[in-house]
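*Asks:* Starting off with a structure, shown below.
The values are calculated or read from the model by the stated rules, or taken from the named source; none is laboratory data. Quantities reported herein were computed from a predicted structural model and do not represent experimental measurements. Positions of Cβ are backbone-derived with ideal geometry, glycine not excepted, and every protein chain shown enters the neighbour counts. Side chains included, ligands, DNA and RNA excluded: accessible areas come from the protein's heavy atoms. Shrake-Rupley method; radii C 1.70, N 1.55, O 1.52, S 1.80 Å.
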Amino acid sequence: MTFGEQPAYLRVAGDLRKKIVDGSLPPHTRLPSQARIREEYGVSDTVALEARKVLMAEGLVEGRSGSGTYVRERPVPRRVARSGYRPATGATPFRQEQADASVRGTWESSSEQAEAGAAIAERLAIHIGERVMRTKYLFREAGEPMMLSTSWEPLAVTGRSPVMLPEEGPLGGMGVVERMRAIDVIVDNVTEEVGARPGLAEELHVLGGVPGHVVVVVQRTYFASGRPVETADVVIPADRYRVAYHLPVK
C-alpha cells in the first residue's frame, strides 16, 4: 500500500457509506451480505467483515439477530441549548440543562452521599474522600430519553442545610443557583468543557443507543467567589442532538 492510500476495508466502507448517505441504500434496507460485498468489490471475507464493522461502529447500520445487517434510520438532530446559569429565574433542573424555552421536558432523579474520587475532588477543589452529594438525572423530551446528568455537591457547603438534597425540601428541583442563594452562597460564574467519547454500555442502554455510539459530554462547574460549589457531567447522544451555545456579550 502506497503512502496515503486507504486500506481496502476503509475504501469499501466509504463506498457503502456514500450509498447510505445519498439514499441508494435507504433506511431499513438490508446491507449487502458479506459474500456480496466480497464479490462486488473483489475483496476477502476479512475485508468485507471489517467494512461492515466500521459502518456499525459509526451507527449507520445495525445487526438484527437471525436476519442480517440493516441501514439505520438517521435521526434529524435536535438542539440542546446552553446559555449558562439564569440567576433570577429559579430554573428547574431540566431548564438548567436545556435553555430552549420552547422545549418541554421532565426529569427523574436520585441522590445519595458518596466519597469524592480523585477527578471529582480536583474539580470541586476538595480532598479525595470528602463527602459529596451525588445526584443522577435522566431527562426526557416528549417521553423520549434525551440526556443524562450526574452532579456532585460538596457537603461542606450544603450539608445539614435545607438544600442538602437537590430534589427535596422547600427548594427541591429549583436548580443550583437558587438553592445556593438560599444558604447565602452566591453563584457568580459557570464553566463548561465539551468533549466526546464512546457511550458507556449503561448510558446507551438508557438513552437508546447501540454499542459504539458517540456521546457528547458537557463538564459543568458552578463557582461562588472562585469556589466550586457544584460540578456535573451532562451526557447527550451525539447522533440525535447538537449542543448550541447562546453567550451574551457584556
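*Asks:* Among (1) open to solvent by 20 Å² or more (accessible area, probe 1.4 Å); (2) modelled with pLDDT of 90 or more; (3) not in a helix (DSSP H, G or I), which single condition is Leu247 missing?
*Replies:* Unmet condition: (2).
*Asks:* Moving on. Here are Ala99, Ala118, Ala81: which of them is open to solvent by 40 Å² or more (accessible area, probe 1.4 Å) and either over 17 Å from Glu230 (Cβ atoms) or touching a residue at least 24 places away in the same chain (Cβ under 8 Å) (or both)? Quick ask: steps written out before the conclusion?
*Replies:* Working: Ala99 fails: open to solvent by 40 Å² or more (accessible area, probe 1.4 Å); Ala81 fails: open to solvent by 40 Å² or more (accessible area, probe 1.4 Å).
On inspection, the qualifying residue turns out to be Ala118.
*Asks:* Please report, ordered by residue number, the strands (runs of 3 or more DSSP E) entirely within region 122-208 with at least 3 residues that are open to solvent by 30 Å² or more (accessible area, probe 1.4 Å) and β-branched (Val, Ile, Thr). Outline the logic, then answer.
*Replies:* On the way: elements: 131-141, 144-154, 189-198.
Once the strands (runs of 3 or more DSSP E) in region 122-208 are filtered for at least 3 residues that are open to solvent by 30 Å² or more (accessible area, probe 1.4 Å) and β-branched (Val, Ile, Thr), what remains is 189-198.
*Asks:* Between a first residue in region 171-182 that is without any contact (Cβ under 8 Å) to a residue 60 or more places away in the chain and of a type outside the set (A, V, I, L, M) and a second residue that is surrounded by fewer than 21 Cβ atoms within 10 Å (Cβ to Cβ) and in a helix (DSSP H, G or I), which pairs have beta carbons less than 9 Å apart while being 6 or more apart in sequence or on different chains?
*Replies:* As it stands, the answer is none, since no pair meets every condition given.
*Asks:* Still on this structure: So Ala224 fits all but one of (1) open to solvent by less than 60 Å² (accessible area, probe 1.4 Å); (2) farther than 20 Å from Glu73 by Cα; (3) in contact with a strand residue (DSSP E or B) (Cβ under 6 Å, 6 or more places away or on another chain); what number is the exception?
*Replies:* Of the numbered conditions (1) open to solvent by less than 60 Å² (accessible area, probe 1.4 Å); (2) farther than 20 Å from Glu73 by Cα; (3) in contact with a strand residue (DSSP E or B) (Cβ under 6 Å, 6 or more places away or on another chain), the odd one out for Ala224 is (3).
Residues checked against (1) buried (at least 17 other Cβ atoms within 10 Å of the Cβ); (2) among the polar types (S, T, N, Q); (3) assigned to a helix (DSSP H, G or I):
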| site | (1), (2), (3) |
| --- | --- |
| Tyr9 | yes, no, yes |
| Gly14 | no, no, yes |
| Arg17 | yes, no, yes |
| Pro32 | yes, no, no |
| Arg36 | no, no, yes |
| Glu39 | no, no, yes |
| Val47 | yes, no, yes |
| Met56 | yes, no, yes |
| Tyr70 | no, no, no |
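*Asks:* Give me the residue from region 58-68 that is part of a loop (DSSP other than H, G, I, E, B) and on the phi > 0 side of the Ramachandran plot and, out of that set, most open to solvent (accessible area, probe 1.4 Å).
*Replies:* Here is the first cut: in region 58-68, the residues part of a loop (DSSP other than H, G, I, E, B) are 58-60, 65-67.
With the extra rule that they be on the phi > 0 side of the Ramachandran plot, the set shrinks to 59, 66.
Values: Gly59: 9, Gly66: 94 Å².
Selected residue: Gly66.
*Asks:* If you don't mind, another one. If a residue has to be at pLDDT 85 or above and β-branched (Val, Ile, Thr) to count, how many in region 89-123 make the cut?
*Replies:* 3
*Asks:* Taking Phe94 and the conditions (1) under 25 Å from Tyr241 (Cβ atoms); (2) part of a loop (DSSP other than H, G, I, E, B), which numbered condition does it fall short on, given that it satisfies the others?
*Replies:* Failed condition: (2).
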